[in-house]
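**Student:** Have a look at this one before I ask anything.
Taken together, the values in this text are just the output of simple stated rules run on the coordinates, not laboratory data. Every value quoted in this text rests on a predicted model; they were computed, and no experiment measured them. With ideal geometry, Cβ positions are generated from the backbone for all residues, glycine too; neighbour counts draw on all protein chains shown.
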Amino acid sequence: MTDMMISYGLWVTALVAIALLLRAVGLIKISYPWLVGSLVLFTIYVSAVVAGGSLFSLDPYFGELGWNWEGKVVSIGATVLAIIILSVFRKSVLPQTGFTLKQAPGSILPAVILTAILVAAVVGLEVLSADGADTSTERLLYQATMPGLDEEPFYRGLFLYALSAALISGRMNMLGAPIGWAGVLVTIIFGLGHSLMYSEGAITMSWIAFIYTGILGFGFLWLRERTGSLVIPIVAHNLINFSSSFF
């Protein structure tokens, strides 16, 4: 637990440092109350993922589980609860956080194309790595559901919404998707969360993991901003994790 919280501190430090640098060079303005609120939400999310399993256990119902189902369930619940609370005070929170089935006009075909490209790229990398398949039932069920249902509503939904309010900037039109600096920082933190760790008294950084998850994270961000919804990012995320299990 201590190692994870130190890792969390490294991620937050990176986020704040980059935000202050962007402000110093005039690319953004910062709303500090929203920035603090964003960090609070991130703290709750990380705590839920890491410590959620201490609140309850699914083992009595399904046998001994090897994946962090409980942490994911708790973090999903925390994200949904935060969205509900925000919606009481701010109008249009649900669509602005991507909680809508409505897709932006003309966005479905390019979103499907990008999803296919991402899946093919990940499967290709898995084939090249030749590290063996893992098609255990629990892994397949977990990868087909939890990654997208947990990480997309938070990173590309709630966290993106809060950081967009905190880091005020214009948006760049990238092939029809309006991308702001908040989205870039969400992608960086998503990558760091999969690559920058503190363990056994040492800080480790896997640049390969950072680049890999950073590219995927930006792809999910593009899908979210292009479609205006979390539906396709969730499907794409789970499809990538599920399909890569076979190679």
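**Student:** Order of 167-174, 191-198, 219-226 by packing, highest average Cβ count within 10 Å first? Please list the in-between numbers first.
**Tutor:** Working: 167-174: 14.8, 191-198: 19.2, 219-226: 25.0.
Most protected by this proxy first, the peptides run 219-226, 191-198, 167-174.
**Student:** Taking each full run of DSSP H in the chain as one helix, which ones are at least 18 Å long along their axis (Cα atoms) and have mean Kyte-Doolittle hydropathy of at least 0.5?
**Tutor:** Working: long enough: 2-24 (33 Å, 1.50); 32-51 (28 Å, 1.77); 69-89 (31 Å, 1.78); 108-129 (31 Å, 2.44); 207-227 (29 Å, 0.80); 231-244 (20 Å, 1.21).
Helices meeting the span and hydropathy rule in the chain are 2-24, 32-51, 69-89, 108-129, 207-227, 231-244.
**Student:** Students often check this: by mean Cβ neighbours within 10 Å, which of 8-16, 46-54, 20-28 ranks highest, and how do the rest follow? Provide the component values of the computation, followed by the final result.
**Tutor:** Values: 8-16: 15.7, 46-54: 18.2, 20-28: 12.7.
Going by the mean number of other Cβ atoms within 10 Å, highest first, we get 46-54, 8-16, 20-28.
**Student:** Counting only residues 5 or more places away or on other chains, whose amide H sits under 5 Å from the amide H of residue 180 once H atoms are built in the peptide plane?
**Tutor:** Answer set, sorted by chain and number: 172.
**Student:** May I ask for the distance between the Cα centers of segment 178-240 and segment 1-71, given as a whole number of Å?
**Tutor:** Segment 178-240 and segment 1-71 have Cα centres spaced 13 Å from each other.
**Student:** Per DSSP H run of at least 4 residues, take -39500 (n - 2.57); add these up for the chain, divide by its residues and hand me the 222 nm value, nearest 500 deg cm²/dmol.
**Tutor:** Details: 12 runs with 163 residues, N = 247.
The per-residue figure over the chain is -21000 deg cm²/dmol.
**Student:** Continuing with this model, one more query. Using a 10 angstrom cutoff on alpha carbons, build the Gaussian network for the chain and name the most mobile of 29, 91, 72.
**Tutor:** The residue with the greatest mean-square fluctuation here is 91.
**Student:** Another question, then. Enumerate the lysines that residue 102 could reach by cross-link, defined here as Cα to Cα under 24 Å, with residues fewer than 8 away along the same chain left out.
**Tutor:** By straight Cα distance, residue 102 reaches 91.
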